[in-house]
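Report on the structure given below.
What follows draws every value from the coordinates through simple rules; no lab data is involved. On a predicted model such as this, the values are computed, not experimentally measured, just so you know. A quick note on method: Cβ atoms are made from the backbone with ideal geometry, for glycine too, and the neighbour counts reach across all protein chains shown.
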Amino acid sequence: MCDCNLCKVPILPILWSDDNFRIVLVTDQNIKGYLRLELLEHVSEIHQLSQSIKHQMYSLLNIIEINLINIFNPDKINIASLGNKTPHIHWHIISRYKHDNFFPESIWSKPTRNNLFENTNEEISNLKHQLTSMIKQQDAEQAFDS
Ligand SMILES: [Zn+2]
């Protein structure tokens, strides 16, 4: 049996998903505007993906970044793919603020402040709505191109 955490159904809220990917809202790290893009299939490195999945992945990263900027107005976006503990392709897309608990270090460093950060219900619902509509629009454009 696979004991990979990302192969299990996530406990965190899923904002969008299709047959290849899901977008999860990370709510357990005391950070506002933090999403994870997770490949559904257990694959560990990007070069193992087909061109079309890679294309979809970068397009989703781009859409996620735009939506985080629109909704959360962060000072910076951080995008990371590590997978040392969970070697299953996933991306962390994180809104960063000069006053967040880790800035300017990575969110995995030791916190230097102790403020509380939570997404509002309105932000979550906007995010869900705008991600879905932008991805739908992108899919329609690609169908038109091919
Ligand atoms: Zn996995």
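Picking from N70, N114, N126, which is most flexible by a Gaussian network model of the chain using Cα springs under 10 Å? Per the Cα network of the chain with a 10 Å cutoff, N114 tops the list. Fully extending the segment from D18 to E123, taken as 0.36 nm per residue of separation minus the present Cα-Cα distance, adds 35.6 nm. By the rule of a C-alpha distance below 27 Å, with chain neighbours fewer than 8 residues away ignored, the lysines paired with K8 are K32, K54, K85, K128, K136.
Evaluated with a Cβ-only charge set (Lys, Arg +1; Asp, Glu -1), the chain carries a dipole of roughly 460 debye about its Cα centre, given to the nearest 20.
Putting +1 on Lys and Arg Cβ atoms and -1 on Asp and Glu Cβ atoms, find which of I124, F144, I107 reaches farthest to the positive end of the dipole of segment 5-145. Among I124, F144, I107, the one farthest towards the positive end of the dipole of segment 5-145 is I107.
Label point of L82 set 7 angstrom out along Cα-Cβ; within segment 107-124, amide nitrogens under 18 Å from it belong to 107-113.
Subtracting the Cα-Cα distance of E45 and T112 from 0.36 nm times their residue separation leaves 20.8 nm of extension gain.
Shown here are the Rg and Dmax of the Cα trace of the chain, at 15.5, 50 Å.
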